[in-house]
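A quick write-up on the structure given underneath.
The values are calculated or read from the model by the stated rules, or taken from the named source; none is laboratory data. Bear in mind the structure is a predicted one, so any value in this text is a computation, not a measurement. Here the Cβ positions follow ideal geometry from the backbone for every residue, glycine too, while neighbour counts run over all protein chains shown.
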Amino acid sequence: MYRIYIAGGIDGYGECKDTVWSFDPITSQWRTHPPLIRPRAQLGMAALNGRLYVVGGLDWSAGHIRQTGGPVCLNTVRVPKRQ
C-alpha cells in the first residue's frame, strides 16, 4: 500500500497552514491526519522507520517570516510498510 503525503502550505489569504493529508492512489481517496505542531510552508518531509518527519519550513503568517526550527516527528502518522 502506497500513500502520498502533503503537509503545511499557504492558503489563498497568505496564511501558513498546519494541515496534513494523504492520498491513496489505488482508491483515489484523501485522508486527513492530526495537524502539524506549528503552521509552516516550504518544509521538507521524509518517511523513516514507519514515521513521517517534517523538517524546517517558514511561517510568514501575521506579517513576518519566522523559521520554524528542526525536525518534528508526526508520531500519529504511521507510514504503512510495503507488502
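Quick one: how many residues across segment 1-39 are out of contact with any strand residue (DSSP E or B) (no Cβ under 7 Å at 6 or more places or on another chain), without any contact (Cβ under 8 Å) to a residue 40 or more places away in the chain and at positive phi?
1
All but one of (1) at pLDDT 85 or above; (2) surrounded by 15 or more Cβ atoms within 10 Å (Cβ to Cβ); (3) small (Gly, Ala, Ser) hold for Gly12, so report the exception by its number.
(2)
Residue by residue through segment 40-57, note down the ones that are in contact with a strand residue (DSSP E or B) (Cβ under 8 Å, 6 or more places away or on another chain) and on the phi < 0 side of the Ramachandran plot. Can you show your working first?
To start, the set of residues in segment 40-57 that are in contact with a strand residue (DSSP E or B) (Cβ under 8 Å, 6 or more places away or on another chain) comprises 40-47, 50-57.
Those that are in contact with a strand residue (DSSP E or B) (Cβ under 8 Å, 6 or more places away or on another chain) and on the phi < 0 side of the Ramachandran plot: Arg40, Ala41, Leu43, Gly44, Met45, Ala46, Ala47, Arg51, Leu52, Tyr53, Val54, Val55.
Taking the criterion of being surrounded by fewer than 16 Cβ atoms within 10 Å (Cβ to Cβ), small (Gly, Ala, Ser) and modelled with pLDDT under 90, would at least one residue in segment 23-32 satisfy it? Outline the logic, then answer.
Of the residues in segment 23-32, the ones surrounded by fewer than 16 Cβ atoms within 10 Å (Cβ to Cβ) are 23-32.
After this cut, where a residue has to be small (Gly, Ala, Ser) as well, the list is 28.
Checking which are modelled with pLDDT under 90 leaves us with none.
Looking for residues that are surrounded by fewer than 16 Cβ atoms within 10 Å (Cβ to Cβ), small (Gly, Ala, Ser) and modelled with pLDDT under 90, one finds none in segment 23-32, hence no.
Residue by residue through segment 1-24, note down the ones that are in contact with a Lys or Arg (Cβ under 9 Å, 6 or more places away or on another chain), under 19 Å from Gly50 (Cα atoms) and not polar (S, T, N, Q). It would help to see each step written out before you state the result.
At the first step, the residues of segment 1-24 found to be in contact with a Lys or Arg (Cβ under 9 Å, 6 or more places away or on another chain) are 1-3, 7-11, 16-18, 21-24.
Now drop any that are not under 19 Å from Gly50 (Cα atoms), which leaves 1-3, 7, 21-24.
Result: Met1, Tyr2, Arg3, Ala7, Trp21, Phe23, Asp24.
Scan segment 1-9 and give yes if some residue there is part of a loop (DSSP other than H, G, I, E, B), loosely packed, with under 14 Cβ neighbours inside 10 Å, over 9 Å from the mean Cα position of the chain (by Cα) and of a type outside the set (A, V, I, L, M, F, W, C), otherwise no.
To start, the set of residues in segment 1-9 that are part of a loop (DSSP other than H, G, I, E, B) comprises 1-3, 8-9.
Remaining after also requiring loosely packed, with under 14 Cβ neighbours inside 10 Å: 1-2.
Narrowing further to those that are over 9 Å from the mean Cα position of the chain (by Cα): 1-2.
Then keep just the ones that are of a type outside the set (A, V, I, L, M, F, W, C); that gives 2.
Yes: segment 1-9 contains one or more residues that are part of a loop (DSSP other than H, G, I, E, B), loosely packed, with under 14 Cβ neighbours inside 10 Å, over 9 Å from the mean Cα position of the chain (by Cα) and of a type outside the set (A, V, I, L, M, F, W, C).
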